[in-house]
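The next block holds one structure in the form of structure tokens; read it before the comments.
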Amino acid sequence: MRKAFLLLTGLVITGSAMAQEENIWEKPENKVVVVEYDETDNESSYMGALKVSAGPAWITSKMYTSEDSYIRNQPGFECAVSYEYIGRKGWGFTFDLNYNHTSYDYAYAKSYFHLIHLGPGVIYAYADDHWRYSIELGVGMAYCREKVDTDNNIFVYSGNNQVGLGLNSRLGLEYKITKKFGIGVDLNGALLFLKNEVGLRMKDSELYGISHSAIHIGPRFYF
């Protein structure tokens, strides 16, 4: 009788332990889940981008037509090509080529300005699944060429045919349509520092150069 009682007790304890073990695995909250973390999930922007843009532009500096009169906010056209490389923290570098064409009439002549900015820059960008925001500051070479048309005779005005220092700034907003393609708009501003013309009298508060702004719109290619 004692042996039978011990055998029955052992069967009860073993069955209870097996039931508890089965209950542990049946409860999801007691399961251990291993999640692998991928650092690329924390990227704030694309690694690389090629931007092609064009849009309206304005020369915001004073364009003197005589000693006492000038034109300001003269409309024109601008196009740009930019390459960007951005790291996982959102910081990166760019290389920009901007071309601006603006003309204006004065007296019996018409001037045609060709402005170029070429150089590197520093950029910070942030991106989510579809939108990308960026800010950029750059410095590089500036080139200015002015052609003057008087009575159908075109000549290059030597005072504005020169190379100088260029500063460039940009605010960008992009919409990512696919992983490799998007469309964006930039607000661009540039300042060209040029050598003062011989005999030109300027105010103490003025610098000789050209400032202009533009709205760039165009496709974005990501890689």
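I want to confirm something. Restricting to the range 117-155 and keeping residues that are charged (D, E, K, R) and in a loop (DSSP other than H, G, I, E, B), which single residue is modelled with the lowest pLDDT? It would help to see each step written out before you state the result.
Our first condition is that a residue be charged (D, E, K, R); within the range 117-155, this holds for 128-129, 132, 136, 145-147, 149, 151.
So of that shortlist, the ones also in a loop (DSSP other than H, G, I, E, B) come out as 128-129, 151.
On the way: D128: 85, D129: 84, D151: 66.
Per the criteria, the residue is D151.
Limited to the range 97-119, what total is found for residues that are open to solvent by 70 Å² or more (accessible area, probe 1.4 Å) and out of contact with any Cys (no Cβ under 7 Å at 6 or more places or on another chain)? Explain how you work it out, then say what you get.
So in the range 97-119, the residues open to solvent by 70 Å² or more (accessible area, probe 1.4 Å) come out as 97, 99, 105, 107-108.
Right, trim to out of contact with any Cys (no Cβ under 7 Å at 6 or more places or on another chain) and you get 97, 105, 107-108.
Of the residues in that region, 4 qualify.
Give me the pairs: first residue in the range 206-220 and modelled with pLDDT under 80, second residue surrounded by fewer than 17 Cβ atoms within 10 Å (Cβ to Cβ), beta-carbon distance under 6 Å, and six or more apart or on different chains, which are they?
Y208/N196; G209/F193
Scanning the range 52-71 for residues that are touching a Ser or Thr at 6+ places or on another chain (Cβ under 9 Å) and modelled with pLDDT of 75 or more, which turns out surrounded by the fewest Cβ atoms within 10 Å (Cβ to Cβ)?
Per the criteria, the residue is V52.
Pull up the range 120-139, narrow it to residues that are hydrophobic (A, V, I, L, M, F, W, C) and more than 16 Å from N188 (Cα to Cα), then point me to the one that is least open to solvent (accessible area, probe 1.4 Å). Don't jump to the end; show me each part of the working.
Taking the range 120-139 first, the residues hydrophobic (A, V, I, L, M, F, W, C) are 122-123, 125, 127, 131, 135, 137, 139.
Imposing the further condition that a residue be more than 16 Å from N188 (Cα to Cα) reduces the set to 127, 131.
Numbers: A127: 15, W131: 105 Å².
Taking the candidates together, the pick is A127.
The values are calculated or read from the model by the stated rules, or taken from the named source; none is laboratory data. Note that the coordinates shown come from a computational prediction; the quantities given were computed from them, not determined experimentally. Cβ: placed from backbone, ideal geometry, glycine included. Neighbour counts: every protein chain shown. Accessible surface is based on the protein model in full, side chains and every heavy atom, while ligands, DNA and RNA are left aside. Shrake-Rupley method; radii C 1.70, N 1.55, O 1.52, S 1.80 Å.
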